[in-house]
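The values are calculated or read from the model by the stated rules, or taken from the named source; none is laboratory data. Keep in mind the model is a prediction, meaning the values are calculated, not measured. Every residue, glycine among them, receives a Cβ derived from its backbone with ideal geometry; neighbour counts consider all protein chains shown.
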Amino acid sequence: VRGDREVFGLRGRSAEQRVALELLLDPDVGIVSLGGRAGTGKSALALCAGLEAVLERRQHKKVVVFRPLYAVGGQDLGYLPGNESEKMQPWAQAVFDTLGALVSGHVVEEVLDRGMLEVLPLTHIRGRSLHDAFVVVDEAQSLEQGVLLTVLSRIGSGSRVVLTHDVAQRDNLRVGRHDGVAAVVETLKGHPLFAHVTLTRSERSPIAALVTELLERAV
């Protein structure tokens, strides 16, 4: 695995991140699962690999990021004030913050202006097929197995999908540690179209890493 490879402003800082980047950039792997605690770089790896595939390699037309409509602690967005786009703003902003930490602001603006990056709630997947897209399903641990399978069934020709998940952070209280994405990963394990990497090294500050560890012990 090449240690010097840079992917849209991001270099793998550890062996596991470099393995993840190799898999994310392999067009023969249709479904990539990235598991790991908060701060291990799952979303950044998926996002940068997607933009590399779209902007540099021209393998797909756009990156589509789906995020579940669950707030911290399981509160549904329906309880929050504002219209749908206003409710989605904090969720979309999390993706833009990740990207903004890696590349300059004008690059982010250009990507958005050219329609090469969409951040959508999962409710938008019903009735549509995703062709020629690099699809990222962020926070997949909050999705019930049936919802996750519906998402995967919408992946059309010329598309790939990345699942990022941390089973210690489930905001949908109806999903247990061993169902949802964990069950899907177990089912797909060993298939040539599928690859899974568990990231263990935190890239966040020592304080954030400590708090994450304490939260995991409490689960």
>> Which numbered condition in (1) modelled with pLDDT of 85 or more; (2) at positive phi is the only one that VAL108 fails?
In response: (2)
> Applying the selection to the stretch 161-211, what residues are modelled with pLDDT of 70 or more and among the β-branched types (Val, Ile, Thr)?
Replying inline: VAL161, VAL162, THR164, VAL181, VAL184, VAL185, THR187, VAL197, THR198, THR200, ILE207, VAL211
>> Can you say whether GLY100 is closer than 29 Å to LEU193 by Cα and modelled with pLDDT of 85 or more, as far as the supplied structure shows?
In response: no
> Counting only residues that are modelled with pLDDT under 85 and outside any strand (DSSP E or B), which one in the stretch 113-141 is farthest from LEU47 (Cα to Cα)?
Replying inline: GLY127
> Tally time: how many residues in the stretch 27-56 are over 14 Å from the mean Cα position of the chain (by Cα) and closer than 17 Å to ILE155 by Cα?
Replying inline: 6
>> All but one of (1) out of contact with any Leu (no Cβ under 6 Å at 6 or more places or on another chain); (2) crowded, with 24+ Cβ neighbours inside 10 Å hold for HIS60; state the number of the condition that does not hold.
In response: (2)
> Looking at the stretch 142-160, which of its residues are outside any helix (DSSP H, G or I), within 21 Å of GLY36 (Cβ to Cβ) and at pLDDT 90 or above?
Replying inline: ARG160
>> Name the single residue that is farthest from LEU214 (Cα to Cα) among those in the stretch 28-41 being at pLDDT 95 or above and in a loop (DSSP other than H, G, I, E, B).
In response: ASP28
> Restricting attention to the stretch 116-160, and to residues there that are among the β-branched types (Val, Ile, Thr) and within 13 Å of VAL64 (Cβ to Cβ), which single residue is surrounded by the fewest Cβ atoms within 10 Å (Cβ to Cβ)?
Replying inline: ILE155
> Failed condition for LEU23, given (1) buried (at least 24 other Cβ atoms within 10 Å of the Cβ); (2) at pLDDT 95 or above, with all others met?
Replying inline: (1)
> How many residues are part of a helix (DSSP H, G or I) and in contact (Cβ under 8 Å) with a residue 60 or more places away in the chain if we restrict to the stretch 7-26?
Replying inline: 6
>> What are the pairs with Cβ atoms under 7 angstrom where one residue, in the stretch 29-49, is of a type in the set (Lys, Arg) and the other, located anywhere, is outside any loop (DSSP other than H, G, I, E, B)? Sequence gap at least six, or different chains.
In response: ARG37/THR212; ARG37/GLU216; LYS42/LEU34; LYS42/GLY36; LYS42/THR164; LYS42/LEU199
